[in-house]
Amino acid sequence: NRKVVFRRFLSLTAFLLAAGWVLAPGEALARLVFGFLPAAGTAETAEVQRDLLSRLERTRWYSLFETGPAASLQEACAHSRKPDKVARLAVTKGKKYEGAVEVLDCATNSADPPKLKASSGKLSNLAGSLRADFLAQYPFLALLEIERGRPWASAGKEEKIFPGSYLYSYAEEAPRQYRLLGRFWVKSYHEASFRSELAEDFRVPGAPAPATGEILSPKRLVESGSRALVRPVLSGITARRRLPAQVLLPSFDPRNSVQGAGLRLPAGAHELGLPEEREDGTGESLELRFAKPLPAGTVLRWRFEHNPRTGESGYEAVLESRRIVLRVRDGKKPLRELAEVAMTGFPSSLELVTYGPWAELYGDSRFLAGFEDFSFDSGTAELESSKELDLSSYSLYEVGPSL
């Protein structure tokens, strides 16, 4: 079992959670080969290029070389080292030093957008800024290895991959075109073999079981921001195991929090506590059944904070008699509306299913709404009701593709 760093809480608000390629010992994945045109123009350009290439080489993410004189990037692609990409750095001096790297993909003979740019008042800081953008644009990639049912990756501290780090898993469907399969986290680094042992965090519903040869990266190669779901993603998540849970009331009495029994929640905000240990690669399902129809005018407000101390980002859903309004706050910005979903009335039962980056809400077993956000992995959530809630039962389950 994985020890969860932050105590996780699940309530209906959790619904608002809503390139040096390393050589694997088995099937090899070659490093991305970059050819840099010799620095031209000013001494500043040459100094920044030396610094940048040195910083990039230390990552072990890329195979780097200078192409020698070439009239153009296209001509540099014909170099005997057969680069995947060629690059040209330019540095100019105005109020600040400005650096820009133009990159051409040799396979397609097209420029890579966007051009990498950085500025700094100090020339010595320019290469560091360009390096950060370079790593983001051309991320580390490795291959997944499955040995005796256990997942591994030839990556570790030298590639800035540490225990606790996330690695996304992909299938390459076309050159540089990826489909997300799931996400692993690093359990431990084995110094003797220069490899990291992994554990599954989540698997995209419908994806095949993890297999040797999947591509791993700490970066989301398929970008996805906060978005509302118009149809369920988690309909295939059917395996479940009952978990202990408790309702955290202002004056908590454990006798008021027995799963499967009735529970009366006074108006106000409440949290539902999860156990601190859970299986890898699983999510949670919370089922609430109301003992009687909710009083007219009842408003349920569900909040989730990714980092409650700083208010780093968060979500809110407001459930009224005939609609659900989803709102999201990016960082410390004001809440903005994400989606509005119509309802015919309050259901007699609600189920919240959370797994990986997805959270979905069901009423009377019918999908109502959901959202996706890959930045959420833990935090706190609360349910606030404008009226007293009378529950006939509530249950919490661990869920996943298989248990």
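Values quoted throughout were computed directly from the atomic coordinates according to the rules given, and no laboratory measurement underlies them. Fair warning: this is a prediction, and the values are worked out from it, not measured in the lab. Here the Cβ is made from the backbone with ideal geometry for all residues, glycine too, and neighbour counts use every protein chain on show.
Annotations for the structure displayed:
- For Thr42 and Ala111, a Förster radius of 30 Å and the Cβ-Cβ distance give a FRET efficiency of 0.85, rounded to the nearest 0.05.
- Extended-chain gain in nm, criterion 0.36 nm per residue less alpha-carbon gap, Phe290 and Ser386: 33.0 nm
- Sum of side-chain charges, Ala317 neighbourhood, beta-carbon under 9 Å (Lys, Arg +1; Asp, Glu -1): +2
- Length gained on full extension, Glu173 to Glu147: 7.0 nm, using 0.36 nm per residue less the C-alpha separation.
- Put a dot 7 Å past the Cα of Glu191, heading toward its Cβ, do the same for Arg323, and the two dots end up 6.1 nm apart.
- Ranking of Phe194, Phe346 by count of other Cβ atoms within 10 Å, fewest first: Phe194, Phe346
- Given their separation in residues at 0.36 nm each and the Cα-Cα distance between them, Arg55 and Ala239 gain 61.5 nm when the chain is fully extended.
- Sparse packing (at most 13 other Cβ atoms within 10 Å of the Cβ) combined with a DSSP loop state is found for the following GluC sites (Glu not before Pro) in the range 175-231: Glu191, Glu223.
- With 27 Å as the limit on Cα-Cα distance, the pairs of Lys95/Lys117; Lys82/Lys122; Lys115/Lys157; Lys117/Lys219; Lys95/Lys115; Lys82/Lys187 that go past it are Lys82/Lys122; Lys115/Lys157; Lys82/Lys187.
- Size estimate for the range 84-195 follows the Kirkwood approach: the inverse of mean 1/r over distinct Cα pairs works out to 16.8 Å.
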